[in-house]
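Single-structure report; data block below.
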Amino acid sequence: MDRRKSNPLTGSVLLREVQESDLPLFFEHQCDPDANRMAAFPPRDKDAFTVHWTKILRDENVVSKAILFEGAVAGNVVSWEKSGRRVIGYWIGREYWGKGIASGALAEFLNQLTARPLFAHVAKHNLASIRVLEKCGFIVCGEDKVSSEAGGDEIEEFIMKLGANEQEEPQ
């Protein structure tokens, strides 16, 4: 069955396993200053980025997918365990923003990854990402302040949850 036709959020978005050949493009995506401001996450230098993604690709508990839009790699979506919880995150190249790609990719990822509950942390000022999560059924279940990895101010974020008693405060 063609999932693209059965789910209006996915459109022409497909997911596949991340390949090492995707990493240079992922590196460029995470170096974008506008994306860094929206995600409230600083870019990693090449060495730190390579170490990070090598760890992701070798960890059997991590699920990582490349996001394809009209055949081109548009970003990635990843899920991992953190403090006993399954967390998700995604990164879309700026040239693909505003086209529904993040919503489509996350919807397809959630079709494939059936573990629940799932958590996402999102900067409060990142309204686009909050909307993507809401479209896919996530609701705000808490708030947090985290120190910027760049050593700057604290970042206010929402903790969002999908499935299994969403109203319950995270611990």
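Using a Förster distance of 22 angstrom, determine the FRET efficiency expected from the C-beta separation of Asp59 and Ala115, and round it to 0.05. Before the final figure, lay out each step's value.
On the way: r = 15 Å, r/R0 = 0.69.
Plugging the Cβ-Cβ distance into 1/(1 + (r/R0)^6) gives 0.90.
Using 11 Å as the cut-off for backbone N distance, which residues of region 67-99 belong to the label zone defined by a point 7 Å from the Cα of Arg37 along Cα→Cβ?
Taking a point 7 Å out along Cα→Cβ of Arg37, no residue of region 67-99 has its backbone N under 11 Å.
Whole-Hz ³J(HN,Hα) for each residue in region 90-99, computed from phi via Karplus 6.51 cos²θ - 1.76 cosθ + 1.60 with θ = phi - 60°, x for glycine and proline: what do you get?
Per-residue couplings from phi come out as 8, 9, 10, x, 4, 5, 9, 5, x, 10 Hz.
For Lys46, list the lysines whose Cα falls under 20 Å from its own Cα; do not include residues on the same chain fewer than 8 positions away.
Output for Lys46: Lys55.
Among the helices of the chain (complete DSSP H runs), which have Cα atoms covering no less than 15 Å along the helix axis and a Kyte-Doolittle mean of at least 0.0?
Values: long enough: 46-58 (18 Å, -0.32); 101-112 (16 Å, 0.72).
Correct list, ordered by number: 101-112.
Would you mind counting up the charge near Ile92? Only other residues with Cβ under 11 Å from its Cβ, with Lys and Arg at +1 and Asp and Glu at -1.
Numbers: positive: Arg94, Lys99; negative: Asp32, Glu95.
Charge balance in the 11 Å sphere: 0.
Mind giving me the nanometre distance, one decimal, between the label points for Glu28 and Val146, set 7 Å out from Cα along Cα→Cβ?
2.7 nm
Let me have the 222 nm mean residue ellipticity of the chain computed from DSSP H runs of 4+ only, each contributing -39500 (n - 2.57), with the sum over all residues rounded to the nearest 500.
Details: 6 runs with 53 residues, N = 171.
Calculated mean residue ellipticity at 222 nm is -8500 deg cm²/dmol.
Compute the length gained on full extension between His52 and Ile139: take 0.36 nm times their separation in residues and subtract their Cα-Cα distance, giving the result in nm to one decimal. Intermediate results must be reported in sequence, preceding the final value.
On the way: separation 87, 0.36 × 87 = 31.32 nm, distance 2.85 nm.
Length gained between His52 and Ile139: 28.5 nm.
Under a 5 Å amide H to amide H cut-off, with H placed in plane at 1.01 Å, what residues pair with Ile67 once short-range neighbours are removed?
Distant-sequence amide H within range of Ile67: Ala74, Gly75, Asn76, Val77.
The numbers here are math on the coordinates, done by the rules we state, and not lab data. Worth saying up front: this structure is predicted, and the values here are computed from it rather than measured. Because the Cβ atoms are built from the backbone with ideal geometry, glycine has one as well, and the counts that use them run over all protein chains shown.
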